[in-house]
Amino acid sequence: MTVSIRMCGEITAAVYEVPYEQLLNDQRQMALVEARHAAFWAAKRFTHRSLPAIGRVFRRDHTSVLHGARRIERLRQEDPSVAARLALIEAGIKATETTMVRENLVFHRDIDPVEVAQVVLSSKVRAVTVSLDEVIVLARAVEAYEARISRPPPELSALVREFVDTTDAINRKPVDHERRTLIERQKTLFADLKSMSAARDDAKGEMSHAE
């Protein structure tokens, strides 16, 4: 049995020295975005769960998970400090898994709201037993769905907003060093938008492997 998605997130949060709960919100500080992407990467790499399942734990669209995991993997190749943090996460996950197996400890189980709903709906006996924790997770999932229905993933929305703001700033700037810096930022944002778009297409293919 592998470590859970949440355990990957908690180990990542410890390495980045941020509260685990901040991985679940929509804050866009650079360090927090990097930590969130590292958690996606860890869960995708070290658990056997699908992209949608990982996304549900981190309250994200499955395409955001794929985009974030790919982006942090690219950064690992380019930035030694990112590579070092991911190596710490990997070591922490492997050490945790080894210790739990050796000591015969119970692994934390991710509660997936979709799986809970499927159990309830597929049960021939309507008095199926569901724990309080499972009820809470299912209720939060419904609430989150109602809040986000028909809306794009927050990462995509933030990228689009920044791209529009940067383009507007370029149009208002004379030809100088600051304008050239904005143009380089615009190119980076455009590449990120293309990457996320590709990730959304690829994720549709990986959906067929969803549990």
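Read-outs: derived from the displayed coordinates by stated rules, not from any lab. This is a predicted model, so every value here is computed, not measured. Counting neighbours? That spans all protein chains shown, and the Cβs are built from the backbone with ideal geometry, glycine included.
Three principal axis extents of the range 5-102 based on alpha-carbon atoms, in descending order, are 38, 30, 23 Å.
Semi-axes of the equivalent ellipsoid of the range 1-40 are 18, 9, 8 Å, computed as sqrt(5λ) over the eigenvalues of the C-alpha gyration tensor in descending order. Evaluating 6.51 cos²θ - 1.76 cosθ + 1.60 at θ = phi - 60° for every residue in the range 169-178, the Karplus couplings come out as 5, 4, 5, 9, 9, x, 6, 8, 4, 5 Hz, glycine and proline recorded as x. Annotation: peptides 26-39, 76-89, 48-61, ranked by per-residue average of other Cβ atoms within 10 Å with the highest first, follow the order 48-61, 26-39, 76-89.
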